[in-house]
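None of the figures in this text is laboratory data; all of them are computed from the coordinates on show. Here the structure is a predicted model, which is why all the values come from computation and not from measurement. All Cβ positions, glycine included, derive from the backbone under ideal geometry; neighbour counts span all protein chains shown.
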Amino acid sequence: MDFKTFQSNLKVLDKQTGNTIRRKYINEFINTEHEQYHQQIQLKHKFRDGYCYAGYLWDYIKNPIIIDKKYFEALAEKINRVFVFWDIHSCERRLIEDYWKFDKDSVIEMDFNVLLEGETYLPEDIYIFDKNITWTLIKTHEDINGHCYCLKSGTI
C-alpha cells in the first residue's frame with residue numbers, strides 16, 4: 001500500500017479530540033504513580049521542535065502481557081476500527097529520516113487491517129486500542145531474541 005492510499009483510509013482526529021482520547025488512554029492503561037513517570041513522561045522538555053517527553057509510555061503500562069507480533073495478524077478478523085498514537089518525541093531523538101508522516105501528537109482512527117498493511121508509515125512504537133479504551137496492543141522498537149517486543153493489556 002502506498003502512502004497516499006494509506007492516508008486516504010484513515011482519519012486524523014482534531015487536536016482537541018485527540019488530546020482527550022490520549023488522556024483517557026493514559027488514565028486507563030498507564031501507571032502515572034510510577035516514580036519515573038513524572039520525569040520521563042509528564043514533565044515535557046523543550047526541544048527545537050517543541051515540548052516532548054523523554055520516555056516511552058509502554059514502560060509504565062499497567063498489567064502488561066508480552067505477546068508476539070504475529071498475535072496482531074491473528075486478530076485481523078476480530079478487530080475492526082482502532083485508534084492509534086505514538087510517543088511524543090523530538091526529531092532530535094529520532095535518527096530516521098522523514099520519521100514523522102503525521103504530527104507527533106496525532107491520534108488516528110482507522111480499520112485494523114489498514115493499520116497492519118500500512119504500519120511502515122507510522123513510528124516504530126505505536127499504541128493501538130478500541131474506541132471504548134478497554135484493551136490495547138503496543139508495538140515497540142525493541143526486540144527480544146530477534147522478535148519485536150509487543151505488549152497487550154485488557155481483554156480483546
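Remarks
- For the residue pairs Lys44/Lys69; Lys44/Lys78; Lys44/Lys139; Lys11/Lys78, alpha carbon separations beyond 27 Å are given by Lys44/Lys69; Lys44/Lys78.
- Spin-label model, Trp100/Asn9: points 7 Å from Cα along the beta carbon direction are separated by 2.6 nm.
- Stretching Lys70 away from Gln39 to a fully extended chain increases their span by 7.8 nm, per 0.36 nm per residue minus the current alpha-carbon distance.
- Correct choice for Cα Rg over 2.2 N^0.38 Å that was computed from the model, options (i) 1.23; (ii) 1.00; (iii) 1.10: (ii)
- Treating r as the C-beta distance of Asp2 and Glu77 and R0 as 30 Å, the FRET efficiency rounds to 0.75.
- Environment charge at Asn9 (Cβ cut-off 13 Å; Lys +1, Arg +1, Asp -1, Glu -1): -2
- Per residue, the chain reaches -6000 deg cm²/dmol at 222 nm when only DSSP H runs of four or more residues are counted, each adding -39500 (n - 2.57).
- Spatial separation of Cα centroids for region 94-156 and region 4-70, in angstrom: 10 Å
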